[in-house]
Amino acid sequence: MNLDDVLKKAVEMDVSDIYIVSGRPLSYKVNGVIQEIGDEKLLPEDTDSLLQEIYMISGQRDIQRVHDSGDDDFSFSLPGVARYRVSAYKQRGTLAAIIRVVAFDLPEPSKLGIPPIVLEQSKKKKGLVLVTGPAGSGKSTTLACIIDQINQSRNAHIITLEDPIEYLHRHNKSIVSQREISLDTESYVAALRAALRQAPDVILLGELRDSETINIAMTAAETGHLVISTLHTVGAANTIDRIVDAFPSGQQGQIRVQLSMVLQSVISQQLIQAVDGSVIPAFEIMLVNDAIRNMIRESKIHQIDSVIASSQAIGMVTMDNTLLQLYKEGKILDSTALAFATQTELMKKKLAL
């Protein structure tokens, strides 16, 4: 099977990831399950050949990058088929790659199970909106849907800083400038500093990687821009702790005050296995109000979960309540709800296990 066939078949099968690793057959991940394609194991020369083809198709990438550093991330398009995000790397001295399949057209949020309250974050004019969750939980897709909502409804300049670019946004009511780290700019920090001089209304930052990036992002949010970004955390409280802990202890008090003023919402998500074999998202939604701002400022993060749980009337929901609702609707098993719960013992009681 040549590379074109591999890439096209992945789109036909609604594959999320393609695995090219020597020592096992070519594999696809469909609905969260890895499936081998055929039984012929890939040899090192096979993976090397496939990687060379991938780099040739990308047209703007030197394979020497992965040979020199052992890792390389980039994206490319197959005209009329799809976009692909590649993470190439060395393992046991051989080349390997995981390829994420990204559709050209943005998916319909309702079909993905993204609730309207998440999309309503696109109406924010300033501040910091965070979409969090583990790797592979659909954060990029949620971000793309929020950006698309802004693009369809507002006259604005949207700057996206991504590593690499996944979804392509066409200019609509907004101007959308999409910049890829290492291809269009040297780093998140350099691109974020430059973005502040490029008359942005909305800045999408692929990831809050370190204290320097967080600092600039919060400054941008303070100065009247809407900043949307991600963190690899599950739960609003954990997200706030992660941001504060990124700074030395002497700066943490100041960061809490700053964060309490700019943070607008935290959308935390996980992708979980449904009864019908598909994968569906489960969301925790925290909308920052005065009570939560005080808790962040006064370092009472442990109290935030109770505020979220008692604020369903205004759109907030805890991860565990979402899981419980999905179980009651017959969409997931009780064992799945328990496996993804943040408070296991309490979930056992609610499930009466």
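None of the figures in this text is laboratory data; all of them are computed from the coordinates on show. Predicted model only: the values in this text are computed from it and were never measured. Cβ sites come from the backbone with ideal geometry, for glycine too, and all protein chains shown count toward neighbours.
What's the local net charge at ASP72, with K and R +1, D and E -1, over the other residues with C-beta under 11 Å away? Show your work: numbers first, answer last.
Working: positive: ARG61, ARG65, LYS90; negative: ASP62, ASP68, ASP71, ASP73.
Summing Lys/Arg as +1 and Asp/Glu as -1 gives -1.
Once R0 is set to 35 Å, what does the formula 1/(1 + (r/R0)^6) return for the Cβ-Cβ distance between ALA156 and ASP46, expressed as a FRET efficiency to the nearest 0.05? Walk me through the numbers on the way to the answer.
Working: r = 47 Å, r/R0 = 1.34.
That gives a FRET efficiency of 0.15.
Compute the separation of the alpha-carbon centres of the stretch 311-340 and the stretch 223-282 and state it in Å as a whole number.
Distance between centres, Cα-based: 19 Å.
Stretched out fully, how many nm does the piece from ALA352 to GLU53 gain, at 0.36 nm a residue minus the Cα gap?
Values: separation 299, 0.36 × 299 = 107.64 nm, distance 5.39 nm.
Once the chain is fully extended between ALA352 and GLU53, it gains 102.3 nm.
Sorted by packing (mean other beta-carbon atoms within 10 Å per residue), highest first, where do 96-102, 219-225 land?
On the way: 96-102: 20.4, 219-225: 17.3.
My ranking of the peptides, most packed first, is 96-102, 219-225.
Out of every Cα pair in the stretch 3-102, what percent are spaced more than 23 Å from each other?
19 percent
Can you check what the net charge comes to around LYS125, using other residues whose Cβ is under 14 Å from the Cβ of LYS125 (Lys, Arg +1; Asp, Glu -1)?
On the way: positive: LYS123, LYS124, LYS126, ARG154; negative: GLU120, ASP201, GLU222.
Its environment carries a net charge of +1.
Given R₀ = 25 Å, what would the calculated FRET efficiency be for LYS125 paired with ALA313, taking r from the Cβ atoms and rounding to 0.05? Could you put the intermediate results ahead of the total?
Values: r = 24 Å, r/R0 = 0.95.
The calculated FRET efficiency here is 0.55.
Here are some pairs, LYS9/LYS173; LYS8/LYS328; LYS90/LYS126; LYS125/LYS300; LYS111/LYS350; LYS125/LYS328; which of them have Cα atoms lying more than 32 Å apart in this structure? Present the calculation step by step, with values, prior to reporting the outcome.
Working: LYS9/LYS173 35 Å; LYS8/LYS328 38 Å; LYS90/LYS126 42 Å; LYS125/LYS300 27 Å; LYS111/LYS350 28 Å; LYS125/LYS328 36 Å.
Those over the limit are LYS9/LYS173; LYS8/LYS328; LYS90/LYS126; LYS125/LYS328.
What FRET efficiency comes out for the pair THR219/ASN2, r = Cβ-Cβ distance, R0 = 35 Å, nearest 0.05? Don't skip to the answer; put the middle values down first.
On the way: r = 49 Å, r/R0 = 1.40.
In this case the efficiency is close to 0.10.
Could you tell me the distance between the Cα centroids of the stretch 170-204 and the stretch 1-25, to the nearest Å?
32 Å
Nearest 20 debye, what's the magnitude of the dipole of the stretch 74-177 about its Cα centre given +1 on Lys and Arg Cβ and -1 on Asp and Glu Cβ? Walk me through the intermediate numbers first.
Details: 14 positive and 7 negative charges, 38 e Å.
With only Lys, Arg, Asp and Glu charged at Cβ, the dipole is about 180 debye.
Within the stretch 160-180, what residues put their amide N at less than 18 Å from the label point 7 Å along the Cα-to-Cβ vector of GLU212?
161-163
How high is the relative contact order of the stretch 3-102? Use alpha-carbon pairs under 8 Å, at least six apart in sequence, and give a whole percent. Kindly include the intermediate steps, with their values, before the conclusion.
On the way: 178 pairs, mean separation 27.4, N = 100.
Reported as a whole number, the value is 27 percent.
Could you tally the net charge around LEU263, taking each other residue with its Cβ under 14 Å from the Cβ of LEU263, Lys/Arg +1 and Asp/Glu -1?
Details: positive: LYS124, LYS126, ARG242, ARG256, ARG293, ARG297; negative: GLU222, ASP241, ASP290.
Neighbourhood net charge equals +3.
To the nearest 20 Debye, how big is the dipole of the stretch 3-102 about its Cα centre, given +1 on the beta carbon of each Lys and Arg and -1 on that of each Asp and Glu?
Working: 12 positive and 17 negative charges, 59 e Å.
So the magnitude is around 280 debye.
Relative contact order of the chain, please, whole-number percent, based on alpha carbon pairs below 8 angstrom and at least 6 residues apart. Mind dumping the intermediate values first?
On the way: 646 pairs, mean separation 45.3, N = 353.
Once normalised by length, the contact order is 13 percent.
Please list 291-301, 235-245, 31-41, 254-264 highest first by mean number of surrounding beta-carbon atoms within 10 Å per residue.
Values: 291-301: 16.4, 235-245: 21.1, 31-41: 12.4, 254-264: 18.2.
Listed from highest to lowest mean packing, they are 235-245, 254-264, 291-301, 31-41.
If each Cα of the stretch 109-317 is one equal point scatterer, what is log10 of I(q)/I(0) from the Debye formula at q = 0.09, 0.19 Å⁻¹?
-0.32, -1.49
For the chain, what is the Kirkwood estimate of the hydrodynamic radius, computed as the reciprocal of the mean inverse distance between distinct Cα atoms, to one decimal in Å? The partial results should precede the final answer.
Working: mean 1/r = 0.0462 Å⁻¹.
Taking every pair of different Cα atoms in the chain, averaging 1/r and inverting gives 21.6 Å.
Express in nm, to one decimal, how much length is gained between GLU12 and ASN172 on full extension, taking 0.36 nm for each residue of separation and deducting their alpha carbon distance. Can you show the working numbers first?
Details: separation 160, 0.36 × 160 = 57.60 nm, distance 2.86 nm.
Difference between extended and current length: 54.7 nm.
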